[in-house]
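*Asks:* Take a look at the following structure, please.
Any read-out appearing in this document is the output of simple, stated calculations on the displayed coordinates, not a laboratory observation. Just so you know, these numbers come straight off a predicted model, no measurement behind them. Counting neighbours? That spans all protein chains shown, and the Cβs are built from the backbone with ideal geometry, glycine included.
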Amino acid sequence: MTKNRIVTLALGLMLFPAVVQAAQKAIIFPFDLIDIIQQFELGIMPKGIAPEDKKRLALITDELTKLIKETGRYDVVDTEPIAGDLEKAAPVFECNGCEDDIAKKVEADVAFISTVRKASDVLFTVSVYIRDVNKGKVTRQASSEIYGNTDAMWLRSVRYLVNRRLFPKGATQ
């Protein structure tokens with residue numbers, strides 16, 4: 001390599017450090033539902049997740065994945081190779097750190113663990129936790145209350161969390 005090429009390469013690396021620094025790999029775990037109503041109904045066996053709630057959980061998981069990709073901060077990994085692990089670990093928020101082991105299987109640096117806490121038929125708390133897989137700890141967290149039970153409300157909450165709380169435009173971290 002000639003001296004001019006080395007100087008040009010070095011100058012380019014100084015001016016465009018983002019090109020050199022690869023995006024961290026991230027795994028997006030599916031949203032889990034925490035149904036407070038069922039937990040407090042004494043003498044009644046849990047009914048499981050209602051079909052409309054399952055549909056909305058999948059909808060907002062897809063939205064979160066899309067939004068995280070759009071930030072450009074992370075390379076979102078494919079979870080298909082570990083689908084069995086995800087199913088066994090569900091609900092992930094209760095698995096006592098197993099999310100780190102699962103994330104390492106797909107070489108993820110960070111894990112997004114997300115929940116929807118159902119306090120009533122119209123009151124929900126949507127939360128997203130970002131975990132540093134190597135350190136085994138949560139590094140960022142954001143929550144949003146929603147009063148309403150529609151696809152639009154759930155989606156709006158996820159968009160708010162990503163765009164305004166976790167990664168506001170103009171923020172460096």
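*Asks:* Expected output is a single nm value to one decimal: the length gained when fully extending between N149 and K135, i.e. 0.36 nm times separation in residues minus the C-alpha distance. What is it?
*Replies:* Once the chain is fully extended between N149 and K135, it gains 1.4 nm.
*Asks:* What lysines could a cross-link reach from K104, if we take a straight Cα to Cα line under 20 Å and drop same-chain neighbours fewer than 8 places away?
*Replies:* K25, K69, K88, K135, K137
*Asks:* Then there is this: Leaving out same-chain residues fewer than 8 places away, which aspartates and glutamates sit with a Cα under 15 Å from that of K118?
*Replies:* Reachable aspartates and glutamates: D32, D35, E41, E52, D53, E145, D151.
*Asks:* Assigning unit charges at the beta carbon (Lys, Arg +1; Asp, Glu -1) and nothing else, what dipole magnitude in debye, to the nearest 20, does the stretch 45-97 show about its Cα centre?
*Replies:* Dipole about the Cα centre, nearest 20: 200 debye.
*Asks:* Okay, next question. To make sure I understand, if each residue's beta carbon is the centre and we count other beta carbons within 10 Å, what order do K88, K169, K25 fall in, fewest to most?
*Replies:* K169, K88, K25
*Asks:* Given labels modelled 7 Å from the Cα in the Cβ direction, how far is it in nm from N96 to T125?
*Replies:* Label-label distance for N96 and T125, simple model: 2.4 nm.
*Asks:* With only Lys, Arg, Asp and Glu charged, each at its Cβ (+1 for the first two, -1 for the last two), find how big the charge dipole of the stretch 24-166 is about the Cα centre; round to the nearest 20 debye.
*Replies:* 480
*Asks:* Using the Karplus equation 6.51 cos²θ - 1.76 cosθ + 1.60 (θ = phi - 60°), what ³J(HN,Hα) coupling, rounded to whole Hz, does each residue of the stretch 114-129 give in order, writing x for Gly and Pro?
*Replies:* 9, 9, 10, 9, 9, 8, 7, 5, 10, 10, 9, 10, 9, 10, 10, 10
*Asks:* Related question: If each residue's Cβ is checked for other Cβ atoms within 10 Å, how do F29, F93 rank with the fewest at the top?
*Replies:* Ascending Cβ contact count within 10 Å gives the list F93, F29.
*Asks:* For I27, what charge total do you get from the other residues with a beta carbon under 11 Å from its beta carbon, if Lys and Arg give +1 and Asp and Glu give -1?
*Replies:* Neighbour charge sum, excluding I27 itself: -3.
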